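*Asks:* Below is a structure I'd like to ask you about.
The values are calculated or read from the model by the stated rules, or taken from the named source; none is laboratory data. The structure displayed is predicted, hence computed values, not measured ones. Glycine also receives a Cβ, built like all others from the backbone with ideal geometry; neighbour counts cover every protein chain displayed. SASA here: full protein model, heavy atoms, side chains in, ligands and nucleic acids out. Shrake-Rupley method; radii C 1.70, N 1.55, O 1.52, S 1.80 Å.
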Amino acid sequence: GQMPKQQMTKLVNRLVERGFVERVYDPSDRRIIRIQITGQALDYIDHFLKEEAGCFRSLLEPLSEEDREEFRQGIESILH
């Protein structure tokens, strides 16, 4: 389903305010705005996975370091 433009704008504004995403204007067409995830957002995700993902911890504990890294990269690729 598609999110109404107004709702999408509000969501993006909130993420921009928090420094999680930034708007990147397309130089060839100013009407096109790309949303790019920031390093701050990736740090937050990293922190979340390390510190606050208690509910995931029991799932992640048995995994090898390699598997855990793969899981983290998978989440990052979803968010990119």
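*Asks:* Once both labels are modelled 7 Å past Cα along the beta-carbon direction, what's the Leu79-Ile37 spacing in nm?
*Replies:* The two pseudo-label positions are separated by 0.5 nm.
*Asks:* Net charge within 13 Å of Leu42 by Cβ-Cβ distance, Lys/Arg positive one each and Asp/Glu negative one each, not counting Leu42 itself?
*Replies:* -2
*Asks:* In addition: Taking a probe of 1.4 Å, how large is the accessible area per residue of the chain, in Å²?
*Replies:* Heavy-atom accessible area per residue stands at 83 Å².
*Asks:* In degrees, nearest 10, range 0 to 90: what is the angle between the Cα axis of helix 5-17 and the longest Cα principal axis of the chain?
*Replies:* 60 degrees
*Asks:* Please give the per residue volume of the convex hull enclosing the alpha carbon atoms of the chain, rounded to a whole number of Å³.
*Replies:* Convex hull of Cα atoms, per residue: 138 Å³.
*Asks:* Multiply the residue separation of Val16 and Ser58 by 0.36 nm, subtract the distance between their alpha-carbon atoms, and state the gained length in nm to one decimal.
*Replies:* Computed gain between Val16 and Ser58 is 11.8 nm.
*Asks:* Around Thr38, which amide H atoms from residues at least 5 apart in sequence, or from another chain, sit under 5 Å from its own amide H, with H modelled in the peptide plane?
*Replies:* Result for Thr38 returns Val21, Glu22.
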